[in-house]
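Any read-out appearing in this document is the output of simple, stated calculations on the displayed coordinates, not a laboratory observation. Everything numeric here is computed off the predicted structure, so don't read it as measured data. Methodologically, a virtual Cβ is constructed for each residue, glycine included, from the backbone with ideal geometry; neighbour enumeration extends over all protein chains shown.
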Amino acid sequence: MREPTYFILAALQDEPLYGYAIIKQAEVLSQGRVRLATGTLYSALDRLTAEGFVRVVREEIVNGRARRYYETTPEGQAALKAEAAHLANAAKVVTDRAASMTRRPAAGLA
């Protein structure tokens with residue numbers, strides 16, 4: 001799963017959000033690493049909807065424009081959790097190795 005997709009799903013895990021709110025929440029959750037352009041967001045949302053990971057839960061008109069609210073589906077939540085576990089396991093490989101390196105005596109000092 002690409003990082004923008006991960007943070008779009010993460011942005012939607014607590015409550016339904018509309019486009020601009022998803023962009024801002026993804027930016028906050030990623031600590032500024034993910035800055036989604038509008039076109040990128042809506043392409044991703046269309047793809048995630050087609051894959052069954054998100055759905056539109058309501059639509060309202062604001063200033064003459066349609067505002068769609070999206071939420072994750074159970075399948076989307078499962079995909080997000082699976083990716084989070086995958087990332088945690090990948091990080092553990094590095095942190096465990098780094099920890100074992102700090103416990104070893106430096107070469108030539110033993």
Geometric extent, Cα atoms of the chain - Rg, Dmax (angstrom): 19.1, 74
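With an 8 Å cut-off on Cα pairs and a minimum separation of 6 or more residues, tell me the relative contact order of the chain in percent. Walk me through the intermediate numbers first.
Numbers: 107 pairs, mean separation 28.1, N = 110.
So the answer I get is 26 percent.
Explain nothing, just the number: dipole magnitude of the chain about its Cα centre with +1 on each Lys and Arg Cβ and -1 on each Asp and Glu Cβ, in debye rounded to the nearest 20. Don't skip to the end; give the middle numbers.
Values: 15 positive and 12 negative charges, 90 e Å.
Dipole magnitude for the chain comes out near 440 debye.
Order these peptides, 53-62, 16-25, by their mean beta-carbon neighbour count within 10 angstrom, highest first. Display every interim value, and only then the final one.
Numbers: 53-62: 13.6, 16-25: 17.5.
The most tightly packed comes first, giving 16-25, 53-62.
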